[in-house]
1. Residues of the range 76-118 being of a type in the set (A, V, I, L, M) and over 16 Å from the mean Cα position of the chain (by Cα), which ones?
2. The conditions are (1) closer than 22 Å to F94 by Cα; (2) among the polar types (S, T, N, Q); (3) surrounded by fewer than 14 Cβ atoms within 10 Å (Cβ to Cβ), and N133 fails exactly one of them. Which is it?
3. When the residues of the range 1-36 are filtered to those that are surrounded by fewer than 22 Cβ atoms within 10 Å (Cβ to Cβ) and not in a helix (DSSP H, G or I), which remaining residue is modelled with the lowest pLDDT?
4. Within the range 151-158, is even one residue crowded, with 19+ Cβ neighbours inside 10 Å and either in contact with a Pro (Cβ under 9 Å, 6 or more places away or on another chain) or assigned to a loop (DSSP other than H, G, I, E, B) (or both)?
5. Quick one: in the range 66-124, of everything that is out of contact with any strand residue (DSSP E or B) (no Cβ under 7 Å at 6 or more places or on another chain) and not in a loop (DSSP other than H, G, I, E, B), which residue is surrounded by the fewest Cβ atoms within 10 Å (Cβ to Cβ)?
6. Return a yes/no flag: does the range 232-240 have any residue that is among the aromatic types (F, W, Y) and within 24 Å of N148 (Cα to Cα).
7. How about the range 171-186: which of its residues are in contact with a strand residue (DSSP E or B) (Cβ under 8 Å, 6 or more places away or on another chain) and assigned to a loop (DSSP other than H, G, I, E, B)?
Amino acid sequence: MALNKELIDKIIRVTSHAAISCHRFIGKNDKNSADKAATDAMRNEINKLKVNGEVVIGEGELDEAPMLFIGEKLGAGGNLNIDIAVDPLEGTNFVAKNLPGALSVISIAEKGNLFNAPETYMDKLAVSNKIPNDATDLDFPLKKNIHNLADSLNKDIKDVTVCLLNRPRHLKIIEQLKQMNVKMKLISDGDISGALMVTDEKYNVDIFLGIGGGPEGVLAASAIDTYGCKFQGRFLFNNDKDISRAKQMGIKDLEKKYNLNEIIKGDSIFCATGITNGDLVNGINFKDNKYITQTLVTHKSSNISKIVIREDTIKT
């Protein structure tokens, strides 16, 4: 049994309900309660699905409950065996402080097709499907990537836009981009949505790069795959615990550069529901006792990439 269109609506329901569950915590400066509410709702909704699911990208280990932990079995059983990647609340600080960009995110793929990523950092690069595959590479110097990108798009360097997390670890990159007179979109959090901005010209982002979360990299890659865009990632292991965990997950080459087809294989469904307004989707609108949500959904085999609006009446 493959991932079918009927399943899409059910997966949209998962992220919509997770988003709605933490709506009451927007602006309450309580990110932990918001995260727990989203996580509990997501687990509850997935367990209603007639699937045999296993979390391969989660929010931690078994001893870190109530998070959806790596290896957790979910679903009500059935003929469909799936891998599940989740980020019930991407942007906990966005919800806590009532800032733009909070999302509830999930990706599913048939068993064995979604990379089991360790909870560590990843060096990433994503560009649109308009860029030749050999024009950019994680191993190229920054200057070469930007110049090749500008040439491919027939743009002046000053008109190229780079999206990256505004972090101390990126100060050197930011300084180089300044010297090159490149436009920057610096984001404070939310590197799933940051990577997805290369998928459509309306976001005005030509390349996403820099170091962010490894699990978030896999989630972004699963959506980017539907758009035919390029994504590369390399995990960064900072201590013996990270290295040990990676080896337990079957990662033998700790310096390997992963291309998109090594991170996500076969068919997939990706959903990201807005909690607060952001670049990708609008946040939750509560009106006439109904929660109105927007969800970006992709389904590779049917080439679906669209925004779905739902109305729900839920007691939270």
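The values are calculated or read from the model by the stated rules, or taken from the named source; none is laboratory data. All values reported here derive from a predicted model rather than from experimental measurement. Every residue, glycine as well, gets a Cβ built from its backbone with ideal geometry; the counts of neighbours run over all protein chains shown.
1. The initial filter retains those residues of the range 76-118 that are of a type in the set (A, V, I, L, M), namely 76, 80, 82, 84-86, 89, 95-96, 99, 102-103, 105-106, 108-109, 114, 117.
The answer is A76, L80, I82, V95, A96, L99.
2. All conditions are met except number (1).
3. Taking the candidates together, the pick is M1.
4. Initially, the range 151-158 is screened for residues crowded, with 19+ Cβ neighbours inside 10 Å, giving none.
Within the range 151-158, not a single residue is crowded, with 19+ Cβ neighbours inside 10 Å and either in contact with a Pro (Cβ under 9 Å, 6 or more places away or on another chain) or assigned to a loop (DSSP other than H, G, I, E, B) (or both).
5. N93
6. No: zero hits.
7. The answer is V182, and nothing else.
Yes or no, residue by residue, for (1) modelled with pLDDT under 95; (2) of a type in the set (S, T, N, Q):
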site	(1), (2)
H147	no, no
S152	no, yes
P168	no, no
E175	no, no
G190	yes, no
